Structure formats: structure tokens, C-alpha cells
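Worksheet: the structure to be examined is printed underneath.
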Amino acid sequence: MKPSLTPVQKLVAHPDSRCWFVSWNPTGTLLASCGWGTRPSGSGDWRETLGFDATTCIWKKKNDDFESLTVLEGHENEVKCVAWAPSGNLLATCSRDKSVWVWEVDEEDEYECVTVVNSHTQDVKHIVWHPNQELLASASYDNNICIYKEEDDDWECKATLQGHTSTVWSLAFDPSGERLASCSDDRTVKIWKESPNQSEQGDLSWKCVCTLSGFHGRTVYDISWCRLTGALATACGDDAVRVFMEDETADPEQPVFSLAAQVTRAHNQDVNCVSWNPKEAGLLASCSDDGDITIWRFQPED
């Protein structure tokens, strides 16, 4: 039986606007979405949102409601993405002002900006934390990816990944954190692998070990790496959702990914985001400029 991607349910989530982002909670029982001005992230009793006013809002769950805990200010332009570190003690934000900020959270819920990094020359579109380490990656309009690490109580760019020829829209680490997937306006997906080599200055070494090209008709806006199955899902401006699987017999230094399944008219307009359920293998959510969320079931080859 060939791999398949079939719709399970359609949610009319944002009928009067675009749906930008979908995110599962850690138990896979809740799905959050946002349109236009906010982007959800976080888990449990915490949520943060961001908007066009250059601020980041932190919300805390109290009983059955969320109440505003604090507003983080400092960016000079629209905040594009926000992400918690796995430890929950650090929060990262990025903005159209070309900067990445790292915030420290203490036991009294006080937030302090500990670092402002200006390693990009254009808008920073996306940030993502390493799943097992306090390592941060960012993607930008300048076509580059930056990897940050703390050193001497300060966060520094330790690697700049170059290879895309246009805006890098999104990033996703594999479950081990040894590889990073990126997607771009250049219609490609790249897989980067961490090298054990480090310079005397402590700089990290990452290299591109695979490029997926020729599969997408327009900009690839988002990518999601399933921690349960290893499948890669992409959201594309050609209205399609695609799923790629890795050839387990290939050389790890030269991985091979093949298109396992696709739905060419997954939505009526651009697909902006894809997100694998963290607990149920094969369950995928996508959202689009058409305002809808679709839940999919990916069935690998038997």
C-alpha cells in the first residue's frame, strides 16, 4: 500500500482573515491557531502572543482563563516570532528590526532581556530552539540562518548557514537536534547537519547535506519534522501540503528524502503552516490564507 495523506476534518477557524499559524500543545489534545496579529507558542499554563505593535505579551492561565502577566517591550518593529527554550527559563523573540532578543525568566515571573543579537542584515522571520540544548536558530530575509549559543553570560552567533538564494521562512530541528531543516522562498528545503569540528573561538560548524528541489511550485513557508516518525511536512504557496520520508539505507552524511505523499489542492489559497501532533503519529494540521485549518492523516507505506 502506497503512502497516503487524507483529510480527517476541516475547521473553519478564521473565516474573515488569514490563518497564519497552528500549534499543538505538548499532549496533542489541544490545537491553537492565530490569524493576522498573533502567533501562539508555549505550553501548559503559559502562552505568549506577538503583534504588529513591536511587543510580546505573556499570558498565564488562572482557573479557566488566561490573564495578562506582562508585556515585553524593546523591539523597534513588528515581532515576527517567539519561542520558549525547552527548560522554560529562556524566551527568544525576533523582529523586523533585524534583531533576536533572549529573555531570562526568574522564579517570580520577572522577565529580563539578557542579550540582543544583531547578526542578520534583514527582517528575522523565525526562531527555533534546539530540542535538547540551549541552542537557538534564526531564519531571515537575508537568506541566511544563524545559530546562537551562550558564552560568558552572553549569547553570540556561532554559525551562519548560507546556501539559500532567497528568504528563509522557517526552521525545524530533527528529534535528536543533530540536523536542522530549512525552507525558503527559493522553493527548496535544505537539511543541515552539525559537524563535530569547532574553531578555537568556539564557533560551531554546520553543513548542508541535502537539498530538496523541484517539488514545490512556489515559496515554501513552513516545515515540520515529526518527532515520532521522522517525516518532514511542508506548507507551500502553491496551495499544497507535502510529506517527505528519509531513505534509512542511505549514508547519514548524504541523506536522501523522497516525496511520500502530497495533496496539491490542500487549501484554496497559500498554505502557511504545518504542525505534526506530538503524541499521535501521522496526525498533521495545516492552515492557510483561506482561513481554514485541515487535520490530515499520513499513512506511511506498509
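The values are calculated or read from the model by the stated rules, or taken from the named source; none is laboratory data. Because the structure is predicted, anything quoted here is derived from the model rather than measured. Ideal geometry is used to build each Cβ from the backbone, glycine not excepted, and the neighbour counts take in all protein chains shown. The protein model used for the area step is the full one, side chains on, heavy atoms only, and it has no ligands, DNA or RNA in it. Shrake-Rupley method; radii C 1.70, N 1.55, O 1.52, S 1.80 Å.
Regarding residue 126, is this residue part of a loop (DSSP other than H, G, I, E, B) and crowded, with 20+ Cβ neighbours inside 10 Å? No: the conditions fail for residue 126. Scanning segment 99-123 for residues that are open to solvent by 20 Å² or more (accessible area, probe 1.4 Å) and hydroxyl-bearing (Ser, Thr, Tyr), we see that the one that is farthest from the chain's Cα centre (by Cα) is 111. Go through segment 78-111 residue by residue and tally those that are in contact with a Lys or Arg (Cβ under 8 Å, 6 or more places away or on another chain) and touching a residue at least 40 places away in the same chain (Cβ under 8 Å). Within segment 78-111, residues that are in contact with a Lys or Arg (Cβ under 8 Å, 6 or more places away or on another chain) and touching a residue at least 40 places away in the same chain (Cβ under 8 Å) number 6. Pairs linking a residue in segment 281-302 that is over 11 Å from residue 5 (Cβ atoms) to a residue that is among the charged types (D, E, K, R) and open to solvent by 20 Å² or more (accessible area, probe 1.4 Å), with Cβ atoms under 6 Å and 6 or more positions apart or on different chains, are 289/18; 289/270; 292/10.
Among residues of segment 225-255 being within 16 Å of the chain's Cα centre (by Cα) and of a type in the set (Gly, Ala, Ser), the one that is most open to solvent (accessible area, probe 1.4 Å) is 230. The single condition among (1) without any contact (Cβ under 8 Å) to a residue 12 or more places away in the chain; (2) crowded, with 21+ Cβ neighbours inside 10 Å that residue 170 does not meet is (1). Residue 194 meets all of the listed conditions (1) modelled with pLDDT of 95 or more; (2) farther than 23 Å from residue 285 by Cα; (3) in contact with a Gly (Cβ under 9 Å, 6 or more places away or on another chain) but one, namely (1). Screening segment 214-224 for residues that are of a type outside the set (A, V, I, L, M) and closer than 15 Å to residue 237 by Cα and picking the one that is most open to solvent (accessible area, probe 1.4 Å) gives 218.
Listed residues 67, 73; which is modelled with pLDDT of 80 or more, among the acidic types (Asp, Glu) and over 17 Å from residue 138 (Cβ atoms)? Before the answer, list the steps.
Numbers: 67 fails: modelled with pLDDT of 80 or more.
It is 73.
Going by what's in this entry, would residue 208 be described as out of contact with any Pro (no Cβ under 9 Å at 6 or more places or on another chain), assigned to a strand (DSSP E or B) and surrounded by fewer than 19 Cβ atoms within 10 Å (Cβ to Cβ)? Yes: the conditions hold for residue 208.
Taken together, the residues in segment 246-296 that are of a type in the set (Lys, Arg) and under 26 Å from residue 210 (Cα atoms) amount to 0. In segment 2-19, the qualifying residues are those that are under 18 Å from residue 242 (Cα atoms) and in a loop (DSSP other than H, G, I, E, B), and the one that is least open to solvent (accessible area, probe 1.4 Å) is 3. Of all residues in segment 256-265, those satisfying the criterion of being of a type in the set (Val, Ile, Thr) and surrounded by 12 or more Cβ atoms within 10 Å (Cβ to Cβ) are 256, 263. Residues in segment 70-83 that are open to solvent by 50 Å² or more (accessible area, probe 1.4 Å) and not in a loop (DSSP other than H, G, I, E, B): 71 alone. Of all residues in segment 136-165, those satisfying the criterion of being in a loop (DSSP other than H, G, I, E, B), touching a residue at least 24 places away in the same chain (Cβ under 8 Å) and either open to solvent by less than 20 Å² (accessible area, probe 1.4 Å) or polar (S, T, N, Q) (or both) are 143, 144, 164.
For residue 177, state whether it is under 30 Å from residue 252 (Cα atoms) and at pLDDT 95 or above.
Working: under 30 Å from residue 252 (Cα atoms): yes; at pLDDT 95 or above: no.
When the stated conditions are applied, residue 177 does not pass them.
Wholly within segment 228-276, which strands (runs of 3 or more DSSP E) include no fewer than the required count, namely at least 1 residues that are within 25 Å of residue 32 (Cβ to Cβ) and of a type outside the set (A, V, I, L, M, F, W, C)? It comes to 232-236, 241-246, 271-276.
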